[in-house]
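The values are calculated or read from the model by the stated rules, or taken from the named source; none is laboratory data. Worth saying up front: this structure is predicted, and the values here are computed from it rather than measured. All Cβ positions, glycine included, derive from the backbone under ideal geometry; neighbour counts span all protein chains shown. Just the protein is used for accessible areas: all its heavy atoms, side chains included, with ligands, DNA and RNA removed. Shrake-Rupley method; radii C 1.70, N 1.55, O 1.52, S 1.80 Å.
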Amino acid sequence: MPDTVDYTEYLKNEEVLKVTLRNLLTHGITFIDNVPPTVEDTQKVAERISFIKETMWGKHWLITSDFKRPHKGYTSENLVVHTDTSYLNEPAGAIIFHSLECAREGGMTLLVDAFNVAAKLKVKYPEYYDIWSRFPVRHDRILTDRMLYASSQGHVLEVCPLSRDLRMIRLEPTSFSTHFGEHQDLDMFYRALATFIRELSSPANQLQVKLQPGLVCIVDNWRVLHGRTSFTGKRQMLGIYLPRDDIDSRYRTLLNIYV
C-alpha cells in the first residue's frame, strides 16, 4: 500500500502532490490523511488535481443506507467490486472516497487491482482474455424520475490498439444491458466473465481498508475495482469523480514534460 500524505502538505507542496499522483498512476490508489470530514475540504482535495467531473449525480454524491434510491449502494448490504460510470462514453478517471461517518461494524472498503488479476488470468485462460478484449458490452443507467438515460458500449478489457497493453477495465454488473445482440461466442463470454468476477472477489486479490473520517482514498477507476462489506449502523461515504485526461495532464506538468 502506498505511503499516506498529509492534507496540509498536499495543498501547499507541489512535491507532495507529485507523489500523490505518482502513487495513483503507479499503484492505482493513494491516500491523504487529516482531511476535515466535510464536503468542502474533500472538494479541495479534488480541485488540487483538476476540475471535478460532474455527472448525473452532480459534483459529488453521498452514499448512505437510507434506501432513498433504487440501488443496492443505498442499503447496508455488501457490494461486489466494480468500476463506476461504465455507462458513460468516457468513464470517470478516478474516484475520491471520504467516509464522513463510519459504520459501527463492517463497512470495509474493498479494493482490487484488476490489471494484476487480468494479467494472471491471461496466462491461465488466454482464450478468456481474448474474448474480454473483443466482445463489446453495453452499460445503461436510467433515472426515470430525472429523465436521464446514459448508455455506452465498450470492452470489459480495453487495450491500446498499438501496444495491446491493458488500458481500462469496464465492469459494472448492476448496469449491464441485456442487449448483447447476436454473437457466436456468447456462451464463452459468460463463462469468462464468471471466472473474472470470481477471481476479483477472492480475498487473496482484495485489499480491505476501514476508511475513517479524515482519511481520503483516491482510486484509479480505470484500473482498480471497489466494493464494500455489509455493515450495521450508519455509514456515509462521500464520492467525487475526476476526469482521466486532466489527471494525466496535471502529472505531466508536475514532471515538466512538454514534449
Past 28 Å, Cα to Cα: identify those pairs from K12/K53; K124/K210; K18/K122; K59/K234; K44/K210, in the order given. K124/K210; K18/K122
Compare the peptides 25-37, 51-63 by average per-residue count of other Cβ atoms within 10 angstrom and give them in order, highest first. 25-37, 51-63
Sum -39500 (n - 2.57) across every DSSP H segment of at least 4 residues in the chain, then divide by the residue count to get the 222 nm mean residue ellipticity, nearest 500. -8500 deg cm²/dmol
State whether region 184-259 is rounded, prolate or oblate according to the following rule on the C-alpha gyration tensor (a ≥ b ≥ c being the square roots of its eigenvalues): a/c under 1.5 gives rounded; otherwise a/b larger than b/c gives prolate, and the remaining case gives oblate. oblate
Tell me the Kirkwood hydrodynamic radius of region 120-259 in angstroms, computed as one over the mean inverse distance between distinct C-alpha pairs. 18.1 Å
Compute the accessible area per residue over the chain, keeping the other protein chains in place, probe 1.4 Å, unit Å². 48 Å²
